[in-house]
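S.K.: Below are the structure tokens for one structure; questions will follow.
The values are calculated or read from the model by the stated rules, or taken from the named source; none is laboratory data. Quick caveat: nothing in here was measured; it's all calculated off a predicted structure. FYI the Cβ positions are ideal-geometry reconstructions off the backbone, even for glycines, and counts take in every protein chain you see. What goes into the accessible areas is simple: the full protein's heavy atoms, side chains included, and nothing from ligands, DNA or RNA. Shrake-Rupley method; radii C 1.70, N 1.55, O 1.52, S 1.80 Å.
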Amino acid sequence: MKSDTKPAVCVVGLGYIGLPTAAVIARAGCKVLGLDVSQKVVDTINRGEIHIEEVDLDGLVHGVVARGLLSASTEVAPADVFVIAVPTPFDKDHAPDISYVLSAGRTIAPVLKQGDVVILESTSPVGTTEQLRDLLAELRPDLKVPGRTAEIPDISIAYCPERVLPGRILEELTNNDRSIGGVTPRCARKALAFYKRFVRGECVTTDARSAEMTKLVENAYRDVNIAFANELSIVSDTMGLDVWEVIRLANRHPRVNILSPGPGVGGHCIAVDPWFIVHGAPEQTPLIRTARGVNDGKMHHVVARAEALVEAHPKAKVACLGLAFKANIDDFRESPARFVASRLARKFGSQIHIVEPYAAQLPIEFTDTGATQIDIDDALETCDILIVLVDHDVFRVVPLAERAEKLVYDTRGIWPDQPQAVREQEAALRLAS
Ligand SMILES: NC(=O)c1ccc[n+]([C@@H]2O[C@H](COP(=O)([O-])OP(=O)(O)OC[C@H]3O[C@@H](n4cnc5c(N)ncnc54)[C@H](O)[C@@H]3O)[C@@H](O)[C@H]2O)c1
């Protein structure tokens, strides 16, 4: 690949990360082939449409497909740069599953040629990029791979994690700083030259293992700090305190910045990635492991509190506000809100109503529970109890006048002016018993 010509790029995995990445690279003028195992995903993108919800992505994909810069396929083709953005889940024992990454490696191996750059973007346990390198070396003994030859290698391999925020992916893909870890310093330089084509943030080069760990550390940091806030909220519930008031006051200290509690921690990043560190160093990670336990435990605490509330009001109509794992997105993976709402639906059936503007229909686990999906206006008109599980803007902006008479359990602290909060109800129940 000559530095003055735009590289042909193949992005493997066209999900929440891969599709925006492919579109942004195409917008920079590179010809991009998006590769996915799902024919449905491929067909959707080739029509210039998208299969995920992300701000401004539809217009961008439509434009780059129409200009012939982005196309999708289930079949690999030669390219100059390969960007891998496939899932990296964990198994039932929280051990990382890198089989999708290795499968992507097997897919691209046959078409690799001298000069190609392979970049792994999937969040990965430390050592995965080297495992990918070893796999490529095994499958393509004709190629000199970095770190396994004394000569100049034929291909470059690097790790470059994503730290974008859903809902702001397009903006952050270009403006965030990036850590680019090469299997060798030469690999890092090759990957750096590629990212400079479309990233405006600072690109910092390092080794692959440090870059892998950096991504895991970022999410473990968030998880540990959210766990502190969630533990405070459980303590406050027990003591009859308003955790939001306590945090607001404590954060007036110039060196204190406590994060916001919630119904737990969801998504496929913060709730998953810390386990990759724990798995890599089980004896050395009591804090990270405990934080995971606290955040998972918070879901059960919310379920127990919500159940007690509904049981105390058997004739009340109850609305659960939100199923997504965070505000203003349509991503329901590992969502604590979804967990809480489905538990309530299973226990109280038709008494429970779900409001989720980002879901066309309720997820499968709500089938046959009797719970129904309604919109926020119906909830405000007909429901007596509102359980806030997600801080979607559409909920946040509900004026006090429309909810003042409701009994509210606000797990996100979006309505600090709510007069009849569940805390007071609980205090009344405690006094009465
Ligand atoms: N979504 C986020 O906000 C986010 C943020 C940072 C990092 N990440 C990481 O990025 C990676 C991808 O996450 P995502 O959210 O985009 O996942 P996703 O599930 O939305 O998309 C993955 C896509 O890869 C496809 N795929 C699976 N195996 C494949 C294969 N062998 N070949 C080709 N395609 C294949 C799937 O069909 C799917 O379309 C994960 O490691 C994730 O942890 C995600």
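S.K.: With a 10 Å radius around each residue's Cβ, average the other Cβ atoms per peptide and rank 28-35, 97-104, 335-342, highest first.
M.R.: Sorting 28-35, 97-104, 335-342 by mean packing, highest first, produces 335-342, 28-35, 97-104.
S.K.: Further, regarding this structure: Compute the long axis of helix 286-312 from its Cα atoms, compare it with the longest principal axis of the Cα atoms of the chain, and write down the angle in degrees, 0 to 90, nearest 10.
M.R.: On a 0 to 90 degree scale, this one is about 40.
S.K.: If you average the C-alpha positions of the stretch 29-94 and of the stretch 141-156 separately, how far apart do those two centres end up, in angstrom?
M.R.: Each part's Cα centre sits 29 Å from the other's.
S.K.: Taking a ≥ b ≥ c as the square roots of the Cα gyration tensor eigenvalues, with a/c under 1.5 meaning rounded and otherwise prolate when a/b beats b/c, else oblate, which class fits the stretch 1-104?
M.R.: Judged from the Cα gyration tensor, the stretch 1-104 comes out oblate (a/c at least 1.5, b/c at or above a/b).
S.K.: Please list, ordered by chain and number, the residues whose modelled amide H lies under 5 Å from the amide H of Cys320; skip anything fewer than 5 residues away on the same chain.
M.R.: Under 5 Å from the amide H of Cys320: His353, Ile354, Val355, Ile387.
S.K.: Output ³J(HN,Hα) for the stretch 403-408: one whole-Hz value per residue in order, computed from phi by the Karplus curve 6.51 cos²θ - 1.76 cosθ + 1.60 with θ = phi - 60°, and x for Gly and Pro.
M.R.: Per residue, the Karplus-derived 3J(HN,Hα) values read 10, 4, 8, 7, 8, 10 Hz.
S.K.: How large is ³J(HN,Hα) for each residue in the stretch 199-210, as worked out from phi by the Karplus curve 6.51 cos²θ - 1.76 cosθ + 1.60 (θ = phi - 60°), to whole Hz, x for Gly and Pro?
M.R.: 9, 8, x, 6, 9, 10, 8, 7, 8, 4, 5, 5
S.K.: Moving on. Do you know the relative contact order of the chain, to the nearest whole percent, from alpha carbon pairs under 8 angstrom that are 6+ apart?
M.R.: Computed over the chain, the figure is 10 percent.
S.K.: With charges only on Cβ, +1 for K and R and -1 for D and E, what is the dipole size of the chain about its Cα centre, in debye, rounded to 20?
M.R.: Rounded to the nearest 20 debye, it is 1120 debye.
S.K.: Could you tell me the largest-minus-smallest coordinate of the C-alpha atoms of the chain on each of the three principal axes, in descending order and whole angstroms?
M.R.: Reported extents, whole Å, longest axis first: 80, 48, 40.
S.K.: Calculate, in nm to one decimal, what Glu365 and Ala66 gain on full extension: separation in residues at 0.36 nm each, minus their alpha carbon distance.
M.R.: Gain in length upon complete extension: 103.8 nm.
S.K.: Ignoring ligands, DNA and RNA, what percent of the accessible area of the stretch 9-201 is carbon or sulfur (1.4 Å)?
M.R.: Percent of accessible area from carbon and sulfur atoms in the stretch 9-201: 50.
S.K.: Moving on. I'd like the orientation of helix 18-27 relative to the chain: the angle between its Cα long axis and the longest Cα principal axis, in ° from 0 to 90, rounded to 10.
M.R.: Orientation of helix 18-27: about 60 degrees from the principal axis.
S.K.: Can you run phi through the Karplus equation (6.51, -1.76, 1.60; θ = phi - 60°) for the stretch 218-234 and list ³J(HN,Hα) in whole Hz, with x for Gly and Pro?
M.R.: Along the stretch 218-234, the couplings run 4, 6, 5, 4, 5, 5, 5, 6, 5, 4, 4, 5, 5, 5, 4, 5, 5 Hz.
S.K.: For the chain, what is the percent of antiparallel DSSP beta bridges, rounded to the nearest 5?
M.R.: Restricted to the chain, the bridges split so that about 5 percent are antiparallel.
S.K.: Might you report the magnitude of the Cβ-based charge dipole of the stretch 218-432 about its Cα centre, with Lys and Arg at +1 and Asp and Glu at -1, to the nearest 20 debye?
M.R.: 540 debye
S.K.: I need the calculated FRET efficiency for the pair Thr238 and Val204, taking r as the beta carbon distance and R₀ as 56 Å, to the nearest 0.05.
M.R.: The computed FRET efficiency comes out at 0.80.
S.K.: Mind checking the dipole of the stretch 110-227: about its Cα centre, +1 per Lys or Arg Cβ, -1 per Asp or Glu Cβ, Debye to the nearest 20?
M.R.: About 320 debye.
S.K.: Sticking with this structure for a sec: Among Leu389, His253, Thr367, which residue has its Cα positioned farthest towards the positive end of the charge dipole of the stretch 218-432, with +1 placed on the Cβ of Lys and Arg, -1 on the Cβ of Asp and Glu, and the dipole taken about the Cα centre?
M.R.: So the residue furthest toward the plus end is His253.
S.K.: Using a 1.4 angstrom probe, figure out how much accessible area the chain has per residue, in square angstrom, rounded to the nearest whole.
M.R.: Normalised by residue count, the accessible surface of the chain is 45 Å².
S.K.: Separate question: Would you mind checking Lys113/Lys190; Lys31/Lys113; Lys31/Lys326; Lys31/Lys144; Lys315/Lys347; Lys40/Lys326 for any pair whose Cα atoms are more than 24 angstrom apart?
M.R.: The pairs that break the limit, which is 24 Å between Cα atoms, are Lys31/Lys326; Lys31/Lys144; Lys40/Lys326.
S.K.: With just the Cα atoms defining each centre, how far is the stretch 247-297 from the stretch 307-326? Give it in Å.
M.R.: 26 Å
S.K.: Would you mind putting 293-301, 307-315, 248-256 in packing order, based on average other-beta-carbon counts within 10 Å, highest first?
M.R.: Peptide ranking by packing, descending: 293-301, 307-315, 248-256.
S.K.: With a sphere of radius 11 Å drawn around the Cβ of Val355, what net charge do the other residues whose Cβ falls strictly inside it have (Lys, Arg +1; Asp, Glu -1)?
M.R.: Counting the neighbours of Val355, the net charge comes to -4.
S.K.: Something else about it: Putting +1 on Lys and Arg Cβ atoms and -1 on Asp and Glu Cβ atoms, find which of His268, Gln351, Leu380 reaches farthest to the positive end of the dipole of the stretch 218-432.
M.R.: Sorting the options by dipole projection puts first His268.
S.K.: If r is the Cβ-Cβ distance from Asp97 to Tyr221 and R0 is 22 Å, what FRET efficiency results, to the nearest 0.05?
M.R.: In this case the efficiency is close to 0.45.
S.K.: If you don't mind, another one. To test your reading of the geometry: what angle, between 0 and 90 degrees and rounded to tens, separates the Cα axis of helix 422-432 from the longest principal axis of the chain?
M.R.: For helix 422-432, the angle is close to 40 degrees.
S.K.: What FRET efficiency comes out for Ala312 versus Ala250 if R0 is 30 angstrom and r is the Cβ-Cβ distance? Round to the nearest 0.05.
M.R.: Efficiency for this residue pair is about 0.45.
S.K.: Grab the other residues whose beta carbon is less than 14 angstrom from that of Asp368, score K and R as +1, D and E as -1, and report the net.
M.R.: Combined, the nearby Lys, Arg, Asp and Glu give +1.
S.K.: What is the packing order of peptides 164-171, 119-126, taking the mean over residues of other C-beta atoms within 10 Å and listing the highest first?
M.R.: Order by mean packing, descending: 119-126, 164-171.
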